[in-house]
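Step one of this worksheet: look at the structure below.
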Amino acid sequence: MPSVLTFLLQIATVIVTARFVGSIFRRFGQPQVVGEMVAGVLLGPSLLGWAAPALSAAIFPRGSIGYLETLSQIGLLLFMFLVGMEFNPRYLRNQGHTAVITSHASITAPFFLGSTLAIFLYPRLSDASVPFLEFALFMGVSMSITAFPVLARILAERELFKTKLGSIVLACAAVDDVTAWCILAYIVALVRAAEESVPLKVKLIILASFILLMLFAVRPMLRRLEDHFTKRGRLSDDMMAVILCLLLASAIFTEFIGVHLLFGAFLFGAIMPKDGEFAEKVTERIHSMTVVLLLPVFFAFTGLRTSFGQVRGAEMWFYCSLIILVAVAGKFGGSALAARVGGLEWKDALSVGAYMNTRGLMELVVLNIGLDLGVISPALFSMMVLMAIFTTFMTTPVLHWLNRPALQDHVAASRGAFPLPNATRELR
């Protein structure tokens, strides 16, 4: 069993590496989170374990990974709560024909291509212990993910929140968030139903009842909590304790019924009051610790599970390249074509595609769930992690290339008003 000293050394190593690599990436115009994703991979067998195996074994002994996993799960729980708080129904209001078409295409095109790719990859990167339906559905949803916090941060840096382009992207990302997590919840329930005695239909009925309970019973209670905050003028520790207990209860229930604890955290965040100082204060309380400490631990845990050494030989790299190609074609290409059909000029349509192709941390969350469930193999997991990093990294260069001459034109043509999401401040 690893000592407390070893565990503290791991955390210190993770934080220092994440901030250092993240700062380097920021100098090249990339969001901080991209560098932190790469930092996690660098601490794993893909680099540190390969270049300095003795040092890697000293810092990350095999028996200590469980502690990092537990801490990273707490971080993901809080992060998914913040992502749920980012989801604001106002992003979906008053959106025109373009946003409707693009939001549907940004899910259906990559999901279809990912599921189709599964036909080719299943006999090569999976086995009979994994039902093809589960494998195909997971490949489809993993291709459909968009990293809303990273996307929102890039929009803020480019001062595009109040533009038509920014409004369309936010609406599409909001739809993607909800749709992808609903599909993922179904996949998790499907996989676990095969291992449990409770039928899938019963699980889905219970889940639907729980969602209604959250909407019509818990949300009004949260409104009263917000009124109490307004009267007192501050967010007390007792209020935070109530919020955290409700968050944990929601996560525990969805885990108990066989969906996933992260869906419960996302759902609770989604029903939280969105406007006013209350939401901002709650976010501030949770945000810094989650982003600075807990998420880098998750990146490190993911990196320790990622080994590019498993992607060896021309055949395996061909599969990896094919995954990246399909991911870009489905998300970037599908979103861009839909935006063009919806009436945007080609430059703006391609910009929408570039934004929607940003997968970031959300993709890593989905991939870890797939690996834990046994739906994907460690080799495929490593390929998909590389795809997540590549598609997130390419967003900023593509946007620079598309918008160099006329970035200010978008700002000058501002219409509408959307507030800057709170939880994106440190994702840079």
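The values are calculated or read from the model by the stated rules, or taken from the named source; none is laboratory data. This structure is a prediction, so every number in the text was calculated from the model and none was measured. As a convention, Cβ positions derive from the backbone with ideal geometry for all residues, glycine included, and neighbour counts pool all protein chains shown. Just so you know, the surface numbers come from the protein's heavy atoms only, side chains and all, with ligands and any DNA or RNA stripped out. Shrake-Rupley method; radii C 1.70, N 1.55, O 1.52, S 1.80 Å.
Quick look at the values:
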read-out	value
Enumerated helices (runs of 4 or more DSSP H) restricted to the range 306-395, each holding at least 3 residues that are more than 20 Å from residue 115 (Cα to Cα) and in contact with a strand residue (DSSP E or B) (Cβ under 9 Å, 6 or more places away or on another chain)	none
Criterion: of a type in the set (Phe, Trp, Tyr), under 16 Å from residue 363 (Cβ atoms), open to solvent by 30 Å² or more (accessible area, probe 1.4 Å) and at pLDDT 80 or above - qualifying residue of 111, 132, 120	111
In the range 295-318, the residues that are more than 19 Å from residue 51 (Cα to Cα) and open to solvent by 10 Å² or more (accessible area, probe 1.4 Å)	313, 314, 315, 316, 317, 318
Residue count, the range 42-71 (criterion: within 24 Å of residue 309 (Cα to Cα) and assigned to a helix (DSSP H, G or I))	19
Some residue of the range 185-208 being part of a helix (DSSP H, G or I), among the polar types (S, T, N, Q) and either out of contact with any His (no Cβ under 7 Å at 6 or more places or on another chain) or within 29 Å of residue 143 (Cβ to Cβ) (or both)	no
The range 372-417 - residue that is modelled with pLDDT of 85 or more and hydroxyl-bearing (Ser, Thr, Tyr) and, of those, surrounded by the fewest Cβ atoms within 10 Å (Cβ to Cβ)	377
Identity of the residue in the range 269-286, touching a Phe, Trp or Tyr at 6+ places or on another chain (Cβ under 6 Å) and open to solvent by less than 10 Å² (accessible area, probe 1.4 Å), that ends up farthest from residue 247 (Cα to Cα)	278
Of all residues in the range 222-263 being touching a residue at least 40 places away in the same chain (Cβ under 8 Å) and among the polar types (S, T, N, Q), the one that is most open to solvent (accessible area, probe 1.4 Å)	230
